[in-house]
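The values are calculated or read from the model by the stated rules, or taken from the named source; none is laboratory data. All figures in this text were calculated on a predicted structure; none of them were measured in a lab. So basically every Cβ, Gly included, is an ideal-geometry build from the backbone, and we count neighbours across all protein chains shown. Note: accessible area is taken over every heavy atom of the protein model, side chains too, but ligands, DNA and RNA are not part of it. Shrake-Rupley method; radii C 1.70, N 1.55, O 1.52, S 1.80 Å.
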Amino acid sequence: MFTKGSLEDLAQVSRQLISWNQHPSGGYVASPLFHHYGFSWLRDGTFIAYAMDTTGEHESARRFYDWINRIIARKTNQIDDLIAKHQRGENIPQDEFLHTRYHLDGSDDTDSEWGHFQLDGYGAWLWGVTEHWRRNGVTEIPESFRVSIDSTIQYLSAFWNYPNFDCWEEFSDKLHPATLACIFGGLRSIASFAGRSELFGICDKIQDFILKHAMHPDGYIVKYITPVYEISEAVRYELGTAEVDASLMWLCEPFEVLPIDHPAMRKTFAKLTADLRTIRGGIRRYVTDTYYGGGEWLLLTAWYGLLQLRSGNTEEARESLAWIGEQADSLGRLPEQVPDALQDFQGYEEWVRRWGTPALPLLWSHAMYLVLYNKLREVEISNSPF
Ligand code: BGC
């Protein structure tokens, strides 16, 4: 039984909904009732598995990582071919790269509208699976994962600076600091977990690259940068925009490219708070977002709470959690986004005509609610005098 307003009940429902919507194969469906989200994404799935780990449901997380392991292990020849082309300096069309979402039976999605080449999910999974092993007392890469982990490392090491679709499946000709953060986080996690110290060098390069090429003159990191290919075959990077994107929070939480008190992180967080936080307390993706009119995303509001926690602002984090709680329907289901402070109402209506109302429930929203809920509890317990 769910009582609206009870944060504990919502945590319970979130755990339940995630469990119910994990396919026996291990994949989590992004949203069971929204036709276009009937896949399991590496990105959503990793954060969902992470949430399950933070809530003690390790078996669920294990099944998800086994599912990805099996998918990637089947793709090692494709990865080897891509790397060989890269080494020969060949142009590789974007549709030859690994996909970002799979059918629940692990087969490729060959006919949805979105672009497939998205590197963030592969970085996130490397990070997530090592977090999972650490929490479960595993001290070295299990034999059955060696092939897929090694292939993922080679894939990311070769292609990290290739333009690809961002985490919102847009802007495929750009480079996205949030995607680079996922790659950095994945490579760094596995480097320290498996003693692969040579990977720290790539992580340093990624960090330098972001600070050198994605920094706005005002000192914050921008949403994306544009590679410009010169006739000499040299690449130059232009600031693609002055906008920020809420996914830039990933630079700090959880991937730690920049600490919360780094001047560029401080300015980025301040800018996105000013531009993307509504008076009601929800967080939008980016100012010119048109998907469903650019509503407030629950998972990003949880991320905002996590950054506030990192800054020591427990009260603000609690407010974010409470705001998410208010968006639950009478069954305790959380949507992807809410249209209460829209930037573009017509855009919202157009999307509703096309695809129906926004995805509900969205497992990733439930996952990020759980992550914030559990982190807040940890902080509260450690601050308690008893
Ligand atoms: C979002 C993606 C997400 C997918 C499934 C899309 O609208 O842009 O980030 O992976 O929905 O939740």
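Assorted remarks:
- Estimated distance in nm for a label pair at R88 and D9, the labels positioned 7 Å out from Cα along Cα-to-Cβ: 6.2 nm
- Rolling a 1.4 Å probe over the protein chains gives D340 an accessible area of about 90 Å².
- Protein heavy-atom accessible surface, 1.4 Å probe, per residue over the chain: 41 Å².
- When a 1.4 Å probe is rolled over the protein heavy atoms, the share of accessible surface on segment 304-386 that falls to carbon and sulfur comes to 49 percent.
- Measuring nothing but protein heavy atoms, the accessible surface of segment 142-186 at 1.4 Å probe radius is 52 percent carbon and sulfur.
- Sequence of T357, T226 when ordered by accessible area, the most exposed leading, probe 1.4 angstrom: T357, T226
- Whole-Å distance, taken between Cα centres, linking segment 43-92 and segment 207-248: 27 Å
- Three-way shape call for segment 243-324 based on the alpha-carbon gyration tensor, with the a/c threshold at 1.5: oblate
- Solvent-accessible surface ranking, highest first, for D44, D275, D111 at 1.4 angstrom: D111, D275, D44
- Accessible area of segment 195-278 belonging to carbon and sulfur atoms, whole % at 1.4 Å probe: 53 percent
- When +1 charges are put on Lys and Arg Cβ atoms and -1 charges on Asp and Glu Cβ atoms, the dipole computed for segment 227-359 relative to its Cα centre reaches about 160 debye.
- Kirkwood hydrodynamic radius over Cα pairs of segment 156-250, then Stokes diffusion coefficient at 25 °C and 0.890 mPa s, in µm²/s: 177 µm²/s
- Candidates per GluC sites (Glu not before Pro) in segment 172-254, loop by DSSP, up to 12 other Cβ within 10 Å: E230, E233
- The P(r) of segment 59-134 has a tail past 16 Å containing 57 percent of all C-alpha pairs.
- Cβ-derived FRET efficiency at R0 56 Å, Y237 paired with T357, nearest 0.05: 0.90
- Estimated D of segment 262-386 in µm² per second, where Rh is the Kirkwood radius over Cα pairs and Stokes-Einstein applies at 4 °C, 1.567 mPa s: 85 µm²/s
- Eligible lysines near K174 by straight Cα distance, threshold 20 Å, same-chain separation 8 or greater: K205, K212, K223
- Accessible area (Å², 1.4 Å probe, nearest 10) - Y237: 50 Å²
- In plain terms, the bigger the Kirkwood radius, the slower the diffusion; for the chain, with that radius from Cα pairs, at 4 °C and 1.567 mPa s, Stokes-Einstein puts D at 61 µm²/s.
- Note on segment 134-167 and segment 259-306: Cα centroid distance 28 Å, given to the nearest whole angstrom.
- Each Lys and Arg adds +1 at its Cβ and each Asp and Glu adds -1 at its Cβ; summed about the Cα centre, the chain shows a dipole of about 640 debye.
- By accessible area with a 1.4 Å probe, ligands and nucleic acids excluded, highest first: order of S107, S232: S232, S107
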